[in-house]
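Peer 1: First the structure, then my questions, so here it is.
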Amino acid sequence: MMIRSVLLLAICSSKGSAVAALALSGTGQGGWIKPAAPVNSNESLRKVLEESSKGASFQKRLSLLGSTGSIGTQTLEIVDACPENFSIEALSAGTNAALMAQQVIKYKPKIASMSTAQAADELRELLISKYNCQSMPAIYFGEDGILEAATAHSADTVVTGIVGAAGLKPTIEAIKQGKDIALANKETLISGGPVILPLIQKHKVNMLPADSEHSAIFQCLQGVPEGGLRRIILTASGGAFRDLTKDELFHLCKTNPAAVQAKATTHPNWDMGAKITLDSSTMMNKGLEVIEAHYLFGASYDDIDVVIHPQSIIHSMVETQDTSCIAQLGWADMRLPLLYSVSWPHRLPLPYKSLDLAEIGTLTFKKPDHAKYPCIQLAYEAGRAGGTMTCVLNAANEAANEKFRSNVGLEYLDIPRLIESAMEAHKADCKTTDVTLEDILHYDEWARQHVEELSAKRVAMQYL
């Protein structure tokens, strides 16, 4: 069944069309790799046909990492809407023991994990004293606890709703256990792509994108035959500063840095966490998505383009070899891509608001200004360098992002400066072959430390 609020729109690009003019045409050649997602192959087409023929009466058992965050709570809304299709086998969260206790009582997981021993103790106490829980889950904490949740024996699919590089290890262990991955953590592939891809191929699991842009591409590629993809077009809202010119933004950074900091963590379209919202304002989120798209769908960096689309209705597009463009449209609702990641290739009926193009009225597009958004170009450069460079890019961005939000005195434009510095310092050591998990973790830590030291120097200089 089709989800009513998602519209798949095929647009044939002719000379002078709006879509064709959005970005440079891709070549469809060079730099292509085997995709992490089940697309672009005869094998994936057969898999879709086999799964679809089973009908929508399927049942999946989920392990949910990051259950108390935005991704986690919205995933549980889907479980509520489709109880005949989904059950919860394991939950992991940070320190919100009160919400986790409510989730445990409602969904009855076999495993519940918290980030700290204190939070785990609080959860246990709440379940016993407040809820008189008669069916206690096994309660874990810390990194070992996340791994227990990710590898829960009875789970079919692991939803990775953890923000940042912390999702890398549990994802790897889940893949080794043969579990499908509903990927809501983009840093997993960005940092660990060279390690993750061989594991996916070895263990023959499905990596299914759960964020809006990559889900859109994934949906558009359903039915596209092997060799049919020519180009990927990622859409971007433009973030908090999309209505300012480069000069206006840079002037505001100089004259009113407090206003910049406040606005940078407020997204115009989406309800997201502070880290991702800040990434959206710098458009590093889109740069990271370019790298993720390369790993997920196999396209070369020359064949992945970005276009600003302020309405956030078209979530991304693909161009096929005959220059036809296929777009996926829908309201700005994260539940839709989450749903498809756990229900693929099925379409489940849900009571969401249907898309109304007449209500929207106008869809607009423009090219991103790379001088205004230097993080986009940094991401392309890291992706083309490959190997451990994308790990350094991601770790440096996470560290700079956190430093800026911590209000330690960093300027908004220090974020790309710190990332570029880390990348430049890593060039001599960048490893592009035989990359191991140990390499990824080592350079992840190195990049964070580089940003920590350099940011401290930059802040100190402001007070000299």
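The values are calculated or read from the model by the stated rules, or taken from the named source; none is laboratory data. Since this is a predicted model, take the numbers as computed values, not measurements. Because the Cβ atoms are built from the backbone with ideal geometry, glycine has one as well, and the counts that use them run over all protein chains shown. Calculation scope for accessible area: heavy atoms of the full protein, side chains included, ligands and nucleic acids excluded. Shrake-Rupley method; radii C 1.70, N 1.55, O 1.52, S 1.80 Å.
Peer 1: Those residues that are part of a helix (DSSP H, G or I), touching a residue at least 12 places away in the same chain (Cβ under 8 Å) and either of a type in the set (A, V, I, L, M, F, W, C) or under 15 Å from residue 342 (Cβ atoms) (or both), I need them from region 80-113; list them, please.
Peer 2: Scanning region 80-113 gives 81, 97, 98, 99, 100, 101, 104, 105, 107.
Peer 1: Quick one: residue 162 ticks every box in (1) closer than 23 Å to residue 401 by Cα; (2) modelled with pLDDT of 95 or more except a single one, so which number is it?
Peer 2: Here residue 162 meets the rest and fails (2).
Peer 1: Pairs under 6 Å by beta carbon, first residue among the aliphatic types (A, V, I, L, M) in region 125-141, partner open to solvent by 80 Å² or more (accessible area, probe 1.4 Å) and modelled with pLDDT of 95 or more, six or more apart or different chains?
Peer 2: What qualifies is 139/124.
Peer 1: Pairs please, first residue from region 56-69 and open to solvent by 30 Å² or more (accessible area, probe 1.4 Å), second anywhere and of a type in the set (Gly, Ala, Ser) and part of a strand (DSSP E or B), Cβ atoms under 7 Å, 6+ apart in sequence or on different chains.
Peer 2: 61/87
Peer 1: On the given criteria, is residue 159 open to solvent by less than 30 Å² (accessible area, probe 1.4 Å) and part of a helix (DSSP H, G or I)?
Peer 2: Details: open to solvent by less than 30 Å² (accessible area, probe 1.4 Å): yes; part of a helix (DSSP H, G or I): no.
Against the criterion (open to solvent by less than 30 Å² (accessible area, probe 1.4 Å) and part of a helix (DSSP H, G or I)), residue 159 does not qualify.
Peer 1: Among the candidates 338, 363, 355, which residue alone is part of a loop (DSSP other than H, G, I, E, B) and open to solvent by less than 50 Å² (accessible area, probe 1.4 Å)?
Peer 2: On the way: 338 fails: part of a loop (DSSP other than H, G, I, E, B); 363 fails: open to solvent by less than 50 Å² (accessible area, probe 1.4 Å).
When all the criteria are applied, what remains is 355.
Peer 1: Checking residue 258 against (1) touching a helix residue (DSSP H, G or I) at 6+ places or on another chain (Cβ under 9 Å); (2) more than 23 Å from residue 309 (Cα to Cα); (3) of a type in the set (Gly, Ala, Ser), which single condition isn't satisfied?
Peer 2: Going through the list (1) touching a helix residue (DSSP H, G or I) at 6+ places or on another chain (Cβ under 9 Å); (2) more than 23 Å from residue 309 (Cα to Cα); (3) of a type in the set (Gly, Ala, Ser), residue 258 breaks only (1).
Peer 1: Right, another one. Tell me the residue from 125, 89 that is surrounded by fewer than 17 Cβ atoms within 10 Å (Cβ to Cβ), farther than 28 Å from residue 217 by Cβ and of a type outside the set (Phe, Trp, Tyr), please. Can you show your working first?
Peer 2: Working: 89 fails: surrounded by fewer than 17 Cβ atoms within 10 Å (Cβ to Cβ).
None of the others qualify; the one that does is 125.
Peer 1: A further question follows. Condition first: open to solvent by less than 40 Å² (accessible area, probe 1.4 Å), of a type outside the set (S, T, N, Q) and more than 27 Å from residue 350 (Cα to Cα). Can you find one or more residues in region 77-86 that meet it?
Peer 2: Within region 77-86, the subset open to solvent by less than 40 Å² (accessible area, probe 1.4 Å) is 78-79, 82, 85-86.
Those left that are additionally of a type outside the set (S, T, N, Q): 78-79, 82, 86.
Pick out the ones that are also more than 27 Å from residue 350 (Cα to Cα) and you get none.
No, region 77-86 has no match at all.
Peer 1: Let me confirm something: among 168, 208, which residue is under 21 Å from the mean Cα position of the chain (by Cα), surrounded by 18 or more Cβ atoms within 10 Å (Cβ to Cβ) and closer than 15 Å to residue 288 by Cβ? Spell out how you get there, then give the answer.
Peer 2: Numbers: 208 fails: closer than 15 Å to residue 288 by Cβ.
After applying the criteria, what remains is 168.
Peer 1: Anything in region 426-444 that is in a helix (DSSP H, G or I), loosely packed, with under 13 Cβ neighbours inside 10 Å and under 23 Å from the mean Cα position of the chain (by Cα)? List them, or say none.
Peer 2: 438 - this is the single residue of region 426-444 that is in a helix (DSSP H, G or I), loosely packed, with under 13 Cβ neighbours inside 10 Å and under 23 Å from the mean Cα position of the chain (by Cα).
Peer 1: How many of the residues making up region 52-79 are assigned to a helix (DSSP H, G or I), over 27 Å from residue 128 (Cβ atoms) and among the aliphatic types (A, V, I, L, M)? Lay out the reasoning, then the answer.
Peer 2: Pass one, region 52-79, residues assigned to a helix (DSSP H, G or I): 52, 70-79.
From what is left, the residues that are over 27 Å from residue 128 (Cβ atoms) are 52, 70-71, 74, 77-78.
Next, from what is left, pick out any that are among the aliphatic types (A, V, I, L, M): 71, 78.
Residues meeting the conditions: 2.
Peer 1: Give the residues of region 167-189 that are in contact with a Gly (Cβ under 9 Å, 6 or more places away or on another chain), assigned to a helix (DSSP H, G or I) and within 18 Å of residue 211 (Cα to Cα), sorted by residue number.
Peer 2: Within region 167-189, 167, 168, 171, 187, 188 meet the criteria.
Peer 1: Now a separate question. Hey, does region 370-392 have a residue that's among the β-branched types (Val, Ile, Thr), open to solvent by less than 20 Å² (accessible area, probe 1.4 Å) and in a loop (DSSP other than H, G, I, E, B)?
Peer 2: Filtering region 370-392 down to residues among the β-branched types (Val, Ile, Thr) leaves 376, 388, 390, 392.
Next, from what is left, pick out any that are open to solvent by less than 20 Å² (accessible area, probe 1.4 Å): 376, 388, 390, 392.
Of the ones still in play, those that are also in a loop (DSSP other than H, G, I, E, B) are 388.
Within region 370-392 (the criterion being among the β-branched types (Val, Ile, Thr), open to solvent by less than 20 Å² (accessible area, probe 1.4 Å) and in a loop (DSSP other than H, G, I, E, B)), the answer is yes, since at least one residue qualifies.
Peer 1: Is it the case that residue 98 is under 16 Å from residue 67 (Cβ atoms) and under 23 Å from the mean Cα position of the chain (by Cα)?
Peer 2: Values: under 16 Å from residue 67 (Cβ atoms): yes; under 23 Å from the mean Cα position of the chain (by Cα): no.
Spelling it out, it is not the case that residue 98 is under 16 Å from residue 67 (Cβ atoms) and under 23 Å from the mean Cα position of the chain (by Cα).
Peer 1: Kindly establish whether residue 101 is in contact with a Lys or Arg (Cβ under 8 Å, 6 or more places away or on another chain), surrounded by fewer than 18 Cβ atoms within 10 Å (Cβ to Cβ) and at pLDDT 95 or above. If you could, list the steps in order and put the result at the bottom.
Peer 2: Values: in contact with a Lys or Arg (Cβ under 8 Å, 6 or more places away or on another chain): yes; surrounded by fewer than 18 Cβ atoms within 10 Å (Cβ to Cβ): no; at pLDDT 95 or above: yes.
Answer is no for this residue.
Peer 1: Every residue in region 414-425 that is open to solvent by 30 Å² or more (accessible area, probe 1.4 Å) and not small (Gly, Ala, Ser), please. Show your work before the answer.
Peer 2: Start the filter on region 414-425 by keeping residues that are open to solvent by 30 Å² or more (accessible area, probe 1.4 Å), which leaves 417, 420-421, 424-425.
Once the filter is applied, which keeps residues that are open to solvent by 30 Å² or more (accessible area, probe 1.4 Å) and not small (Gly, Ala, Ser), region 414-425 yields 417, 420, 424.
Peer 1: So which residues in region 287-304 are surrounded by fewer than 20 Cβ atoms within 10 Å (Cβ to Cβ) and touching a Leu at 6+ places or on another chain (Cβ under 9 Å), if there are any at all?
Peer 2: Hit for region 287-304 is 302, nothing else.
Peer 1: Could you tell me which numbered condition residue 134 fails, if it satisfies all but one of (1) open to solvent by 40 Å² or more (accessible area, probe 1.4 Å); (2) at pLDDT below 95; (3) under 18 Å from residue 114 (Cα atoms)?
Peer 2: Of (1) open to solvent by 40 Å² or more (accessible area, probe 1.4 Å); (2) at pLDDT below 95; (3) under 18 Å from residue 114 (Cα atoms), only one is false for residue 134: (3).
Peer 1: So which pairs qualify, if the first residue must be in region 200-213 and free of Cβ contacts under 8 Å to residues at least 40 places away in the same chain, the second must be open to solvent by less than 10 Å² (accessible area, probe 1.4 Å), the Cβ gap must be under 6 Å, and the two must be at least 6 apart or on different chains?
Peer 2: From region 200-213, the pairs are 203/175; 205/175.
Peer 1: In region 124-147, which residues are within 14 Å of residue 101 (Cβ to Cβ) and in contact with a strand residue (DSSP E or B) (Cβ under 6 Å, 6 or more places away or on another chain)?
Peer 2: Within region 124-147, 124, 137, 139 qualify.
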